[in-house]
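J.: Provided herewith is a single structure, encoded as structure tokens, for subsequent inquiry.
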Amino acid sequence: MKIFKNLFWKQENTYNVGNIDLENLPVHIAIIMDGNGRWAKKRGLPRTAGHKAGVEALRDIIRTCSRLGIKYLSLYAFSTENWKRPQEEVNGLMQLLVLYLRKEVEELHENHVKINVIGDIQGLPENARQEVEAAVARTENNDGLVVNIALNYGGRAEIIQAVKEISRRAKRNELDIEAIDEEIFSKFLYTKGIPDPDLVIRPSGELRISNFLLWQIAYSEFWFSNIYWPDFTGKNLVEAIIDYQKRDRRYGGVK
């Protein structure tokens, strides 16, 4: 068993939470980044302050995953339902997205992180969409951690768009309906070519999926925490992984 110690790109840090087995890591971790608003409210701050603090947590988690050797990290950043929030908050989130990518993309690129986007980014404001596309293009040839950012994403919407595309192809006789199985269906999702999440993490004390990767998480392991996202650190991520490594994944079968 190999023991993980150095979690950062540019500084030494050791999380004393026990031994983590580097030979039994989840390939794909998905995180529902939740609790920014409540974190801010608890401190008498505007919700936008919580989102800014959440960016700092994100930096720590990406670095930790990269140093650990995690292959895929999916982050629920903005859902199709989040447009219902106050316009000021939505605008702030979009501006924060732009600023984050401009500030971080070069460091991510230098550390071989590949940025991928899942969701309908055509629905984003033009400046946000352009910044996202630029970050994806800048890192597209990297071979390190793949960070899937879910933007304007909804699990149900994803499934519906997949069904529509399958229907169109079947109507053009490009696809045999009887040949459709789970493998073929998965190829029409935003996550095509990406393995399903092994571990789904949700901080903030909420115990729901919130329309995130509904098809893909059929056999994922879940880990919940009462910690608000801005306070979620690499130490907490390591705790989640160690807990995951203690589980017996049977996929409906019996060992």
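Only the coordinates and a few stated rules stand behind these numbers; no lab work does. The structure displayed is predicted, hence computed values, not measured ones. Positions of Cβ are generated from backbone atoms using ideal geometry, with glycine treated the same way; all protein chains shown enter the neighbour counts.
J.: What is the order of Val163, Val90, Val146, fewest Cβ neighbours within 10 Å to most?
T.: Least crowded to most crowded, the residues run Val163, Val90, Val146.
J.: Hydropathy at least -1.0 by Kyte-Doolittle, axial extent at least 18 angstrom from the Cα trace: which helices of the chain, defined as entire DSSP H runs, fit?
T.: 47-68, 87-110, 126-139, 155-171
J.: Hey, another quick one. Please give the contour-minus-distance gain from Asn141 to Glu183: 0.36 nm per residue of separation, less the Cα-Cα distance, rounded to one decimal in nm.
T.: Here the segment from Asn141 to Glu183 would lengthen by 12.6 nm.
J.: Sticking with this one: Using only DSSP helix segments of four residues or longer, with each worth -39500 (n - 2.57), what per-residue ellipticity at 222 nm results for the chain after dividing by its residue count and rounding to 500? Write out the running numbers ahead of the final one.
T.: Numbers: 7 runs with 101 residues, N = 255.
Dividing the helical sum by the residues of the chain leaves -13000 deg cm²/dmol.
J.: Could you give the length gained on full extension between Leu99 and Leu207, defined as 0.36 nm per residue of separation minus the Cα-Cα distance, in nm?
T.: Roughly 35.8 nm would be gained on extension.
J.: Now a separate question. Go through Lys84/Lys235; Lys84/Lys171; Lys114/Lys235 and tell me which ones have a Cα-Cα distance over 26 Å in this structure. Write down the numbers at each step before the final one.
T.: On the way: Lys84/Lys235 33 Å; Lys84/Lys171 35 Å; Lys114/Lys235 23 Å.
Cα-Cα > 26 Å for Lys84/Lys235; Lys84/Lys171; rest within.
J.: Could you please state, rounded to a whole Å, how far the C-alpha centre of the range 32-50 is from the C-alpha centre of the range 73-87?
T.: What the calculation gives is 15 Å, centre to centre.
J.: Using only the alpha-carbon atoms, what does the range 126-255 span along each of its principal axes? Please give whole angstrom values in decreasing order.
T.: Ordered largest first, the range 126-255 gives principal extents of 51, 49, 30 Å.
J.: Please order Ser210, Ser225, Ser74 by the number of other Cβ within 10 Å, starting at the fewest. Don't skip to the answer; put the middle values down first.
T.: Working: Ser210 14, Ser225 18, Ser74 26.
Ranked by crowding around the Cβ, least crowded first: Ser210, Ser225, Ser74.
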